[in-house]
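The values are calculated or read from the model by the stated rules, or taken from the named source; none is laboratory data. In this text the structure is predicted, and so the values were computed from the model without any measurement. When we count neighbours, we look across all protein chains shown, and the Cβ atoms used for this are built from the backbone with ideal geometry, even at glycine.
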Amino acid sequence: MSSMTSRLFIAALLAGPVVASGSTIGADQAEIEALGHTWIEAFRSGDLETLMSLYEPDAIVALHGKPALRGLSEVRDYMASAAGRGDIEFVVDLERIEVHGDLAYLVSGYWFSVTPEDSDEVIRDSGRSVLIFRRGDDGRWRIAVDIDQSTPDVVFPAP
């Protein structure tokens, strides 16, 4: 991630999401935001073990234009083919995080680009993500559902 992209992501985190109740960010929201940063760093570096630790065993990942991935095995197979594969940049604009007991959701705009290791072609993807988190018996939040979609109001260039 370029230093500019890192600054934009960190600025988005520090600016805070819109929370329906209008309250300040609580510990759960802060933990979920930190998971987003961990996810980006693990994806960029190809750290599959860290990535998989962020998902529930029965997670569903639905990336636009692709069949849904169901369970850690399918998520791992996809991540192994994509994570850490080139120069990867993410910019995330957090729009909302809400926590309701042991379930939470996050909505964000995202801008993703990768230049594969064996190519000069830049692949870009942008859109909106909805992630549903579940708090486990161990108290940790994990991704239960990860849905990405293209949307006409989230396009390059990134903010």
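Among the conditions (1) over 20 Å from Thr38 (Cβ atoms); (2) in a strand (DSSP E or B); (3) not small (Gly, Ala, Ser), Val130 misses just one, which is (1). With the checklist (1) assigned to a helix (DSSP H, G or I); (2) under 19 Å from Val145 (Cβ atoms); (3) touching a Gly at 6+ places or on another chain (Cβ under 9 Å) in hand, flag the one item Val75 doesn't pass. All conditions pass for Val75, except number (3). If the condition is being over 23 Å from Glu117 (Cα atoms), among the hydroxyl-bearing types (Ser, Thr, Tyr) and in a helix (DSSP H, G or I), then the range 35-72 contributes only Ser53.
Sub-8 Å Cβ pairs linking a first residue in the range 21-34 that is in a helix (DSSP H, G or I) and surrounded by 15 or more Cβ atoms within 10 Å (Cβ to Cβ) to a second residue that is at pLDDT below 90 and not small (Gly, Ala, Ser), at least 6 apart or interchain, are Gln29/Pro17; Gln29/Val19; Glu33/Leu13; Glu33/Pro17; Glu33/Ile25, ordered by first then second residue. Among the residues of the range 85-100, just one is of a type in the set (Lys, Arg) and in a strand (DSSP E or B), namely Arg96. When the range 79-95 is filtered for residues that are of a type outside the set (A, V, I, L, M) and surrounded by 14 or more Cβ atoms within 10 Å (Cβ to Cβ), the ones remaining, listed by number, are Gly84, Arg85, Gly86, Glu89, Phe90, Asp93, Glu95. The set of residues from the range 52-72 being of a type in the set (A, V, I, L, M, F, W, C) and farther than 11 Å from Asp146 by Cβ comprises Met52, Leu72. Only one of the listed residues (Asp120, Asp125) is charged (D, E, K, R), in a loop (DSSP other than H, G, I, E, B) and either surrounded by fewer than 17 Cβ atoms within 10 Å (Cβ to Cβ) or in contact with a helix residue (DSSP H, G or I) (Cβ under 7 Å, 6 or more places away or on another chain) (or both). That residue is Asp120.
Taking the stated definitions as given, is Tyr55 in contact with a strand residue (DSSP E or B) (Cβ under 6 Å, 6 or more places away or on another chain), surrounded by 16 or more Cβ atoms within 10 Å (Cβ to Cβ) and touching a residue at least 12 places away in the same chain (Cβ under 8 Å)? Against the criterion (in contact with a strand residue (DSSP E or B) (Cβ under 6 Å, 6 or more places away or on another chain), surrounded by 16 or more Cβ atoms within 10 Å (Cβ to Cβ) and touching a residue at least 12 places away in the same chain (Cβ under 8 Å)), Tyr55 qualifies.
Pairs linking a residue in the range 121-148 that is polar (S, T, N, Q) to a residue that is surrounded by fewer than 16 Cβ atoms within 10 Å (Cβ to Cβ) and assigned to a loop (DSSP other than H, G, I, E, B), with Cβ atoms under 8 Å and 6 or more positions apart or on different chains, are Ser126/Ser150; Ser126/Val155; Ser126/Phe156. If you filter the range 139-159 down to residues that are under 17 Å from Val99 (Cβ atoms) and surrounded by fewer than 16 Cβ atoms within 10 Å (Cβ to Cβ), you find that the one that is nearest to the chain's Cα centre (by Cα) is Arg140. Of all residues in the range 101-117, those that are in a loop (DSSP other than H, G, I, E, B) and surrounded by 13 or more Cβ atoms within 10 Å (Cβ to Cβ) total 2.
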